[in-house]
Amino acid sequence: MQFTELGLSAELLRAIGEQGYTTPTPVQQQAIPHILAGRDLEALAQTGTGKTAAFVLPILQRLTAAQNTPLQKVTHTAPRVLVLVPTRELAAQVLESVRVYGAHTGLRSLAVFGGVGINPQIQTLRRGIDILVATPGRLLDHLGQRTVDLSKVQTLVLDEADRMFDMGFIRDIRRIIERLPKVRQNLMFSATFAAEVRELAHTVLKDPAMVEVARRNAPAELVTHTVIKVDQDRKRDLLLHLFAAHGWHQVLVFCRTKHGSDALARKLEQSGVRTAALHGNKSQNARTRALADFKAGKLAALVATDIAARGLDIDSLPRVVNFELPNVPEDYIHRIGRTGRAGASGEALSLVSSDERIQLRDIERLLKREIETSVMPGFEPQHNHSVPRPAAGRPPAQKPAQARTRSGSGTRSGAPRPARSGGGGAAKPASHHSGQRHR
Ligand code: AMP
């Protein structure tokens with residue numbers, strides 16, 4: 001299928017061509033016709049599938065079509081489209097997409113999010129915009145100050161709905177929805193259809209079309225997973241050793257906490273590895289700069305927390321390092337979703353200490369495979385790494401929709417060459433089959 005078959009306007013096709021896109025991705029093929037037809041939509045699609053263009057393109061088309069109807073040729077000041085997103089970074093990325101795809105439409109857009117001054121946002125809102133991208137907290141601030149008018153919203157998009165729940169935004173979202181006109185189009189995108197997401201869908205969406213797409217790259221198929229067992233207090237030195245030994249660049253390093261990210265970033269920087277930290281306590285300017293530098297290849301490492309990294313659109317990262325494993329196994333999938341994109345191979349390397357063996361076991365269950373484990377000479381763990389058998393009756397880790405896996409793993413070029421493989425008693429993945437989707 002070609003973009004021209006979707007019935008998009010010449011202005012949009014021109015912008016798409018300028019981006020070098022030739023064919024619509026599956027979520028775009030499936031979602032765009034429904035959105036153009038004015039239907040509500042519930043879409044299961046993750047970052048990397050092209051989901052942003054899947055809602056931005058038809059929204060732009062509908063707005064320009066309305067604009068060109070003689071009766072409606074009025075200048076609107078209040079936004080007609082509201083896109084709610086969980087994080088500042090995602091707000092900036094969605095706004096960027098709106099501006100890139102809408103470059104030839106003359107539509108006006110703005111992103112409002114916290115961490116930056118509110119006054120410039122107020123001034124732009126006053127001048128009038130068509131599309132508003134917002135994080136819930138800052139939008140509520142504007143509503144409280146009466147600096148935004150949501151009474152003209154025709155289309156509501158809830159992007160990364162599952163993450164909005166994870167981040168505790170559900171009440172805010174409901175409060176915002178109360179301020180919208182009752183008759184409107186609703187589009188919801190989520191990476192999982194967890195129970196609470198389904199419930200929100202029931203209350204917000206009216207007779208929605210359903211779209212469900214597999215990840216662009218199932219992680220286990222393109223990504224090499226490796227675990228190096230090491231004591232917690234040796235992890236920093238091991239990481240430095242890996243940077244020095246392999247001349248790594250553009251490595252996304254995950255930590256569990258903001259404080260831990262800062263400490264690690266400082267240590268790497270002091271040791272000559274160009275590094276920035278990305279987490280919620282950083283000023284918006286610092287975060288934007290860190291991300292831009294990282295994307296431009298100016299940084300060897302970006303140390304991030306899960307929430308800060310959520311939804312980041314960084315193309316084809318060669319390597320993701322889990323300095324600490326996430327507590328929630330699904331976050332491992334989100335983390336490694338940053339690598340192995342667009343057909344490129346990637347490596348997910350985890351430094352695992354003995355107190356993380358339960359997390360490792362849960363991740364292996366989720367992936368339905370054992371991850372190759374090794375130790376690095378000079379960094380052999382002193383603490384016991386054996387894995388307890390799963391307690392009777394413990395439910396298996398829930399599997400996200402697209403975590404298709406394939407057995408076996410290997411170490412590819414550029415990866416550390418571990419001293420021995422398969423050591424340390426990695427947990428056997430649970431044998432239950434959970435290949436079906438969450439529906
Ligand atoms: P998203 O899932 O919206 O985060 O998009 C992931 C990446 O895919 C972004 O870098 C987009 O620029 C890119 N993209 C979106 N649509 C297409 C397309 N039809 N062909 C190629 N790349 C695309």
One residue from ARG88, ARG80, ARG99 being modelled with pLDDT of 95 or more and over 19 Å from ILE16 (Cβ atoms): ARG80
Subset of the stretch 120-145 (residues that are in a loop (DSSP other than H, G, I, E, B) and acidic (Asp, Glu)): ASP130
Subset of the stretch 278-289 that is farther than 17 Å from THR135 by Cα and over 17 Å from the mean Cα position of the chain (by Cα) - its residue that is modelled with the highest pLDDT: ARG289
Residue selected from the stretch 307-327 under the condition aliphatic (A, V, I, L, M) and at pLDDT 80 or above, by the criterion farthest from the ligand (Cβ to nearest atom): LEU325
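Of all residues being assigned to a loop (DSSP other than H, G, I, E, B) and buried (at least 20 other Cβ atoms within 10 Å of the Cβ) in the stretch 154-166, which is modelled with the lowest pLDDT? Just the residue, please.
Filtering the stretch 154-166 for residues that are assigned to a loop (DSSP other than H, G, I, E, B) and buried (at least 20 other Cβ atoms within 10 Å of the Cβ), the one modelled with the lowest pLDDT comes out as GLU160.
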Matching residues in the stretch 44-58 - criterion: being assigned to a helix (DSSP H, G or I) and more than 7 Å from the ligand (Cβ to nearest atom): ALA54, PHE55, VAL56, LEU57, PRO58
Pairs with Cβ under 7 Å, 6+ apart, first in the stretch 254-269 and more than 16 Å from ASN322 (Cβ to Cβ), second in a helix (DSSP H, G or I) and not acidic (Asp, Glu): LYS267/ARG236
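Yes or no, residue by residue, for (1) surrounded by 20 or more Cβ atoms within 10 Å (Cβ to Cβ); (2) farther than 21 Å from ALA348 by Cα:
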position: ALA209; (1), (2): no, yes
position: VAL213; (1), (2): yes, yes
position: ALA245; (1), (2): no, no
position: CYS255; (1), (2): yes, no
position: GLN270; (1), (2): no, yes
position: ALA276; (1), (2): yes, no
position: ASN285; (1), (2): no, yes
position: PHE294; (1), (2): yes, no
Selection from the stretch 167-183 of residues that are free of Cβ contacts under 8 Å to residues at least 40 places away in the same chain and in a helix (DSSP H, G or I): ILE170, ARG171, ASP172, ARG174, ARG175, ILE177, GLU178
Complete set of residues in the stretch 86-119 that are farther than 19 Å from PHE189 by Cβ, within 16 Å of the ligand (Cβ to nearest atom) and either assigned to a loop (DSSP other than H, G, I, E, B) or not charged (D, E, K, R) (or both): ALA103
Count of residues meeting criterion [surrounded by fewer than 24 Cβ atoms within 10 Å (Cβ to Cβ), closer than 22 Å to ALA103 by Cα and of a type in the set (D, E, K, R)] in the stretch 1-60: 4
Breaking point among (1) surrounded by fewer than 24 Cβ atoms within 10 Å (Cβ to Cβ); (2) near the ligand (Cβ under 9 Å from one of its atoms); (3) in a helix (DSSP H, G or I), for LEU63: (2)
Number of the condition not met by GLY7 [criteria: (1) in contact with a helix residue (DSSP H, G or I) (Cβ under 6 Å, 6 or more places away or on another chain); (2) modelled with pLDDT of 90 or more]: (1)
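Let's see how each residue does on (1) loosely packed, with under 15 Cβ neighbours inside 10 Å; (2) of a type in the set (A, V, I, L, M):
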{"position": "THR124", "(1), (2)": "no, no"}
{"position": "ILE129", "(1), (2)": "no, yes"}
{"position": "THR135", "(1), (2)": "no, no"}
{"position": "ARG146", "(1), (2)": "yes, no"}
Number of positions in the stretch 342-367 that are modelled with pLDDT under 90 and surrounded by fewer than 21 Cβ atoms within 10 Å (Cβ to Cβ): 4
Criterion: in contact with a strand residue (DSSP E or B) (Cβ under 6 Å, 6 or more places away or on another chain), surrounded by 24 or more Cβ atoms within 10 Å (Cβ to Cβ), among the β-branched types (Val, Ile, Thr) and within 25 Å of ILE32 (Cα to Cα) - qualifying residue of VAL98, VAL112: VAL98
For LEU222: the one exception among (1) at pLDDT below 90; (2) under 19 Å from ARG289 (Cα atoms): (2)
Top-ranked residue in the stretch 1-35 [being closer than 18 Å to ASP159 by Cα and among the hydrophobic types (A, V, I, L, M, F, W, C); ranked as nearest to the ligand (Cβ to nearest atom)]: VAL27
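The values are calculated or read from the model by the stated rules, or taken from the named source; none is laboratory data. Computed from a predicted structure; not experimentally measured. Quick reminder, even Gly has a Cβ in these numbers, built from the backbone with ideal geometry, and neighbours come from all protein chains shown.
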